[in-house]
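Structure first, commentary second.
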Amino acid sequence: MSEAEYLQTFVDETSEQLDDLTDVLLVLEREADSTEELNEAFRLIHSIKGAAGVMGYDHISVLTHHLENRFETLRSGVTRLDERTMSLVLRSIDFLRECVGHLRKGEPMESPGALVQEAMALGEAPEPEAVEAEDAVTVTVRFEDDLPLTDLKARLVVKRLGRLGEINATRPDAAVLETAESVPEIEVLLAGNATPDAIREALSVDGVASIDISTDARPEPEPEPEPEPGPEPHPAPEPEAPEPEAGEPEAAPAPSAPTARTGETMRVDIERLDSLLNLAGELVVNRARFVQLSQQLGAVFLKRGAADRVRDLRELLERAIERLESLDGANGEAGEIRAGLKVIEEQNELWDSGRKGFARFSEAIDQLTRISDNLQQSVLDTRMVPVAPLFGRFKRVVRDLSTERGKIVDLAVRGEKTELDKRMIDELVEPMVHLVRNSIDHGLEAPEVRRARGKPERGTISLEASQRGNNILISIHDDGGGIDVARIRERLAVRGILTQAVIDELSDEQALDYIWHPGFSTAGEVTDISGRGVGMDAVRTRIGELNGTVELESAPGKGTTFTIRLPLTLAIIASFLVRIRDIVFSIPAEDVREIVKAKSSDVVTVQNRQAVDVRGEFIPLVRITDLFDWKDVHPAGGTAPAPAARSDHDEIDAVIVKSGDRAMALRVDESVGSQDIVIKSLSEHFVPIRGLSGASILGDGTVCLMLDVAALMKSAEGARD
């Protein structure tokens, strides 16, 4: 591996270990004497220290060395975990995350001087006593002959045994394992109380030929090998030599049965997956082009009766030639006609050949469609990751904010195995943090207020993910007091956002929707958490950039729920295509409720607003010109005339679109059909336009604009108000 590859492995694995360490600490905050969690925290810190030492990252290895010593006193019972230690370790994790971020960007790391001094002030741990011989066993693992990647298998063996006890020594030793290309067998001196059955179960790894467990012999450390050419790591500052673990493969969970197999994984740069997805998208566009060409050619080669008519014409000409040949002096004309008949026969042969070729062409297109569909789905599946790591980040967020605001808050997580596009998960962190912070700061009441209202002191923030068709729903719910609608109306008047007359006509749902208004806030005081009037509008904007929507529900005294609806992926979206004024628009299929054809007499006007009667339900009816500043332009220049008005007897084509519980009928000129399209951002390639979430190119080269249904509904409501 190159130095860059080692760095990438280090930052990826350290990030995961810091996430795991945070989870362990939050458990220890409730169960300070949990031996299992203390040992796990020690192991994670030791792993980070060892890897940092090998890479020469002194700032990281110095800090983790002192943290490791502190946890040694905790797990040995010399000291007990207290709030001071917990605060230090959590702040150290924040510092280590910053270090990883600097390394990822190629920036220098800051010094952990203050944190190290604080750790030293807590008291250093005594040197751990050596494990007595009777508590140790030697585990010898031999791999199958000609097994590839035995070095990775050996490191996996060490890692799994490290979960069962303390690794005192290995043969080959850790340094050799990092550089060895082949390790036919490995011996590990394991201290602890692991049973032979537990050891064999943990080592049920594909490729293991035999496992021997002995209490007699111990592997002696081998001499340290000569360093290979390459960047020489700086020595770690601690006295003992760290056990490097940065190059270990990701470990799968222990199998439930000895015959279970675990899948092998590898890390891939997300930029490569982005490129692969873009190529898959281009393949989708070109496949659509081939399908369209096939349909056009099919109209020529598969026209019914064409071959029969050619045969009838040939027979007719043959009879005409025979009659001409029976007439005196007509042989010349008959010869000319027979020559023409020969041309027709040649063309007919070419026609038959073309028909056969078109049949093979159609089969090839069908196969291309199947392959491109499978490739597209495989690429999308490769990018899909569980939302569990995203939700896991909020354990620390909830803990810190609840402590800061003097509230007692539990975090409930459901649906963490639901999968979402990796890029989308990365983009969700910031808007979700805004929502969770506001739920704790504004939504949940103080403990004394909750007691007075007959509620338990502990409030609950719930995060839940689920899949609905081609959409992922993520909800953030709190069981607080709900949003005060009267307070919203008051703030709308005080800030002059609306006139009092308009405010009085607002429904509660319409009033709630103004929390998304830029700069709007109902907070009585400004804190460093919220109340400055920024954040909620940014949340909706950011979710909109992900082609998603966010809805709000609030019940007085019961709490508030924010529901984020997102497509499974950012790139390829199932859409319904319509034509309006000679322009093709696409609507996400999930936003389409139905397509209706109504008579003009079904359209009614109420308070200067049009609505269409759909089976007794009156749905607002809008035109595209009601939603955009429209200018019709001829291809050659100049302004095009407006389309002719329809009579009362004409039929109206409309697409009923939905967003949450709301519906709207959009008048269209023609329904084109359904199609998967590759969506591109307008803000990246053109300019952002409210009501449009992106653009695409169809198979025939036509530019297609995707409508943002939620934004269009808001624009329509604003136009009516």
query: Is there a residue in segment 37-58 that is farther than 25 Å from ALA169 by Cβ, touching a Ser or Thr at 6+ places or on another chain (Cβ under 9 Å) and assigned by TED's automatic domain parsing to the domain that holds LEU7?
result: no
task: Check segment 608-628 and report whether any residue there is surrounded by 13 or more Cβ atoms within 10 Å (Cβ to Cβ) and either modelled with pLDDT under 80 or basic (Lys, Arg) (or both).
output: yes
message: Suppose we keep only residues that are in a strand (DSSP E or B) and of a type in the set (A, V, I, L, M) within segment 537-568. Which one would you say is farthest from GLY454 (Cα to Cα)?
response: LEU566
Scan of segment 49-66 for residues that are within 24 Å of VAL158 (Cα to Cα), modelled with pLDDT under 90 and among the aliphatic types (A, V, I, L, M), ordered by number: ALA51, ALA52, VAL54, MET55
- request: State whether the residues of segment 20-41 include one that is closer than 23 Å to ALA114 by Cβ, in contact (Cβ under 8 Å) with a residue 12 or more places away in the chain and of a type in the set (Gly, Ala, Ser).
  value: yes
- line: Here the residues within segment 698-715 that are within 17 Å of ILE580 (Cα to Cα), crowded, with 16+ Cβ neighbours inside 10 Å and at pLDDT 80 or above are CYS704, LEU705, MET706, LEU707, ASP708, VAL709, LEU712
message: Could you go through segment 143-160 and let me know if any residue there is touching a Pro at 6+ places or on another chain (Cβ under 7 Å) and either surrounded by fewer than 19 Cβ atoms within 10 Å (Cβ to Cβ) or at pLDDT below 75 (or both).
response: yes
task: Tell me, yes or no, whether segment 387-394 has at least one residue that is assigned to a loop (DSSP other than H, G, I, E, B) and either among the polar types (S, T, N, Q) or over 30 Å from GLU282 (Cα atoms) (or both).
output: no
statement: Within segment 359-380, residues among the acidic types (Asp, Glu) and at pLDDT below 85 come out as ASP373
- prompt: Hey, among GLY660, GLY638, GLY694, which residue is farther than 30 Å from GLY281 by Cα and either modelled with pLDDT under 75 or surrounded by 16 or more Cβ atoms within 10 Å (Cβ to Cβ) (or both)?
  reply: GLY638
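Could you go through segment 88-110 and let me know if any residue there is among the charged types (D, E, K, R) and over 33 Å from the mean Cα position of the chain (by Cα).
No; the residues of segment 88-110 include none that is among the charged types (D, E, K, R) and over 33 Å from the mean Cα position of the chain (by Cα).
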- line: Matching residues in segment 52-94 (in contact with a helix residue (DSSP H, G or I) (Cβ under 6 Å, 6 or more places away or on another chain) and among the aromatic types (Phe, Trp, Tyr)) number 1
query: How many residues are over 25 Å from GLN376 (Cβ atoms), touching a helix residue (DSSP H, G or I) at 6+ places or on another chain (Cβ under 9 Å) and outside the structural domain of LEU512 (by TED's automatic domain parsing) if we restrict to segment 538-582?
result: 2
query: Of everything in segment 252-307 that's at pLDDT below 75 and among the basic types (Lys, Arg), which residue is farthest from PHE361 (Cα to Cα)?
result: ARG261
task: Give me a count of the residues in segment 19-53 that are under 19 Å from GLY101 (Cβ atoms) and acidic (Asp, Glu).
output: 2
message: Against the condition under 23 Å from ARG405 (Cβ atoms) and aliphatic (A, V, I, L, M), how does MET424 come out, does it pass?
response: no
query: Which is more than 19 Å from GLU16 (Cβ to Cβ), modelled with pLDDT under 90 and of a type in the set (D, E, K, R), of ASP410, ASP400?
result: ASP400
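Quickly run through segment 76-106 and pick out the residues that are of a type in the set (Lys, Arg), surrounded by 13 or more Cβ atoms within 10 Å (Cβ to Cβ) and within 15 Å of LEU122 (Cβ to Cβ).
Scanning segment 76-106 gives a single hit, ARG91.
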- request: Tell me, please, whether a residue that is in a strand (DSSP E or B), modelled with pLDDT of 85 or more and within 30 Å of HIS477 (Cα to Cα) can be found in segment 569-591.
  value: yes
task: Looking at (1) outside any helix (DSSP H, G or I); (2) at pLDDT 85 or above; (3) not aromatic (Phe, Trp, Tyr), find the lone condition where ILE199 falls short.
output: (1)
field: Breaking point among (1) within 18 Å of ASP400 (Cβ to Cβ); (2) crowded, with 21+ Cβ neighbours inside 10 Å; (3) over 33 Å from the mean Cα position of the chain (by Cα), for VAL62
entry: (1)
task: Among what's in segment 395-427 and is in contact with an Asp or Glu (Cβ under 7 Å, 6 or more places away or on another chain) and outside any helix (DSSP H, G or I), pick the residue that is nearest to ASP479 (Cα to Cα).
output: ILE408
field: Scope segment 399-450; condition among the β-branched types (Val, Ile, Thr) and buried (at least 16 other Cβ atoms within 10 Å of the Cβ); matching residues
entry: VAL409, VAL413, THR418, ILE425, VAL433, VAL436, ILE440
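The values are calculated or read from the model by the stated rules, or taken from the named source; none is laboratory data. Values in this document were obtained by computation on a predicted structure and should not be read as measured data. All Cβ positions, glycine included, derive from the backbone under ideal geometry; neighbour counts span all protein chains shown.
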